[in-house]
Amino acid sequence: MFKSAMVGLLSMFAVLMLPQAAQAEYADVVINNYADAAGMRPVVFPHWYHRIRFRCKVCHADLGFKFKAGGNKITMAKIIDGKFCGACHNGEISWSVENCGMCHSGVPGMPTQIHGSTVQRLVAPTYKSLDKPAK
Amino acid sequence: MKTKYFFLSVLAMTTLLVVGFNAQAAQAPLKEVKSAKGKVSGANIFNRLLKKDEQRNAAPAEDGIHDSANDGTHVLQPPLIAYDGLPTSEFGNYVDWVKSLDDGLLKPRYDLIDPTVEPLVMDLDIVREVKASMPDVVFPHKPHTQWLHCSNCHPKIFIPQRKANVISMSAILLGQKCGVCRKVSFPITTKSCTKCHSKPKPADWKPPKSEASLTNPWR
C-alpha cells in the first residue's frame, strides 16, 4: 500500500519535472519575479537574438547582469533609470521602453526559468556523485 | 491514513496518464493502439520519459512560452530567419556560434556603443586529466575570451591557477563551474560530451578497477 503510494507520488513528481515547453528556443529566459503580480505578461529575453549583436561581456561584465535567471531583480524603475535592459532599450541603442509588448510577451503565469538547460531536460532532478576524496 | 495514501496515488497516476497522453497527442497524430486484451496497463507507452525536440527553432508564436494573443509576439523575429547561412551544430540553438565568429559571419559588439572595440583574446589551453574512461578535458581560453571578459570567470567561478579548482561532472550538471554557462552556450548532452572531452587518453590507458570488484568473493 505504502509502496504504491510512493510510486504514485514519484510518478507525479516525474510528471511535474518534465519540461513544460520543449520547443522554446535554447537559452530563452522567462523573467517573472513581479510582472504577473502587477498584471503584466512575464518577460521573455531571447539570448540568441542579443548574442548576434553583443558579446556576453557587454551584458554580463559591463552592465552587471548576474548569471542567474531572475537573479537581477529587474524592475521598470531601474530600466528607465538606464540599468539592465534600460541600458539599451532607451531609443538610442535599441527601441525604447514604451514597446511593452515586445518584452512582456510571455504566457501569463509562467515561472522564471531558462529554456533548454540541461537541468530542465533531466528525467530525474539531479545527480550527485559519491563524495569520495579524489586521489 | 491508508485511504489517504491510496487517494494520493490514484491522483498521481491519473495526472501521469493525463499528462502522458497529452504529451503523446501533442507529438504526432499516432493511431490509438488498442491492446488485444483490453486490460493491459495504459502506462506502457513506448517512451515513458524520452522527450525529443519536436520542432527545432520554433517561431515565437509557436514556441510555447510566448503568448500568441500578444501583438508584440508577432513582431519578434523567428530564429530560423536569423540563423540562415550560419554554420550548424547538433545541439542548443543548432548554430555553431564560435565558428560563426571565426568565419567572420557575425560581429557582435564587445563594447556597448563602439562597434570597433576588439575583444581581449587569450590563447591558452588548460588540460584536465579525467579520472574515467572519457577523453581528458581541454579548456580553451580562446573561444571563451572571444565572448567573455576574464572577470566573468576569474576569480568567482575559477581561481586563475591550474589545478586550483575542484571540478567534477556532477558539479557541472548541477550548474556550477563550467555548468554556469551550459544553459546558454551549449547544453550537456550525448552529442556535446566530446566538445570538452576532446583529448584522447593514452593508448595503454585502462579504467582503474573498483575495490568492490577486486575483492569480489564470487568472481
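The values are calculated or read from the model by the stated rules, or taken from the named source; none is laboratory data. Note that the coordinates shown come from a computational prediction; the quantities given were computed from them, not determined experimentally. In this analysis, Cβ positions are derived from the backbone assuming ideal geometry, glycine residues included, and neighbour counts consider all displayed protein chains.
Looking only at residues in region B:76-97 that are acidic (Asp, Glu) and at pLDDT 95 or above, which one is surrounded by the most Cβ atoms within 10 Å (Cβ to Cβ)? Spell out how you get there, then give the answer.
Keep residues of region B:76-97 that are acidic (Asp, Glu), which gives B:84, B:90, B:96.
Among the residues that remain, those that are also at pLDDT 95 or above are: B:84, B:96.
On the way: B:Asp84: 7, B:Asp96: 18.
This residue is B:Asp96.
Conditions tested, residue by residue: (1) in contact (Cβ under 8 Å) with a residue 24 or more places away in the chain; (2) within 11 Å of another protein chain (Cβ to nearest Cβ); (3) within 22 Å of A:Trp48 (Cβ to Cβ).
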| position | (1), (2), (3) |
| --- | --- |
| B:Asp103 | no, no, yes |
| B:Pro115 | no, yes, yes |
| B:Leu124 | no, no, no |
| B:Lys156 | no, yes, no |
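Can you go through B:Ser213, B:Ser185 and tell me which one is among the small types (Gly, Ala, Ser) and within 29 Å of A:Leu122 (Cα to Cα)?
Selected residue: B:Ser185, the only one of B:Ser213, B:Ser185 that is among the small types (Gly, Ala, Ser) and within 29 Å of A:Leu122 (Cα to Cα).
Can you find a residue that is in a loop (DSSP other than H, G, I, E, B), over 16 Å from A:Ala24 (Cα atoms), modelled with pLDDT of 95 or more and not polar (S, T, N, Q) anywhere in region B:28-46?
Looking through region B:28-46, none of the residues is in a loop (DSSP other than H, G, I, E, B), over 16 Å from A:Ala24 (Cα atoms), modelled with pLDDT of 95 or more and not polar (S, T, N, Q).
For region B:76-101, give me each residue that is among the small types (Gly, Ala, Ser) and without any contact (Cβ under 8 Å) to a residue 12 or more places away in the chain.
B:Ala82, the sole residue that qualifies.
Just checking, how many residues over region B:53-90 are more than 8 Å from chain A (Cβ to nearest Cβ) and not hydroxyl-bearing (Ser, Thr, Tyr)?
Within region B:53-90, residues that are more than 8 Å from chain A (Cβ to nearest Cβ) and not hydroxyl-bearing (Ser, Thr, Tyr) number 13.
Do we find a residue being surrounded by 13 or more Cβ atoms within 10 Å (Cβ to Cβ), touching a His at 6+ places or on another chain (Cβ under 9 Å), within 8 Å of another protein chain (Cβ to nearest Cβ) and modelled with pLDDT under 95 anywhere in region A:118-133?
To start, the set of residues in region A:118-133 that are surrounded by 13 or more Cβ atoms within 10 Å (Cβ to Cβ) comprises A:118-122.
Within this subset, residues satisfying the condition of being touching a His at 6+ places or on another chain (Cβ under 9 Å) are none.
No, that holds for no residue.
Any idea which of B:Arg162, B:Arg109 is basic (Lys, Arg) and touching a residue at least 24 places away in the same chain (Cβ under 8 Å)?
One residue alone meets the criteria, B:Arg162.
Hey, which of the helices (runs of 4 or more DSSP H) in region B:167-219, taking only ones fully inside, have at least 2 residues that are more than 29 Å from the chain's Cα centre (by Cα) and at pLDDT below 95?
Output list reads B:211-214.
Answer yes or no: is there a residue in region A:64-77 that is facing chain B (nearest Cβ under 10 Å), in contact (Cβ under 8 Å) with a residue 24 or more places away in the chain, within 30 Å of B:Glu62 (Cβ to Cβ) and buried (at least 17 other Cβ atoms within 10 Å of the Cβ).
Checked against the condition, which is being facing chain B (nearest Cβ under 10 Å), in contact (Cβ under 8 Å) with a residue 24 or more places away in the chain, within 30 Å of B:Glu62 (Cβ to Cβ) and buried (at least 17 other Cβ atoms within 10 Å of the Cβ), region A:64-77 yields at least one hit.
Write out, first by first residue and then by second, each pair whose Cβ atoms fall under 6 Å of each other, whose residues are 6+ apart or on separate chains, and whose first residue, in region B:48-75, is surrounded by fewer than 13 Cβ atoms within 10 Å (Cβ to Cβ) while the second is β-branched (Val, Ile, Thr).
B:Leu49/A:Val123
So which residues in region B:142-162 are hydrophobic (A, V, I, L, M, F, W, C) and not in a helix (DSSP H, G or I), if there are any at all?
Within region B:142-162, B:Leu148, B:Ile157, B:Phe158, B:Ile159 meet the criteria.
Which of the residues belonging to region A:1-53 are modelled with pLDDT under 55 and surrounded by 21 or more Cβ atoms within 10 Å (Cβ to Cβ)?
A:Gly8
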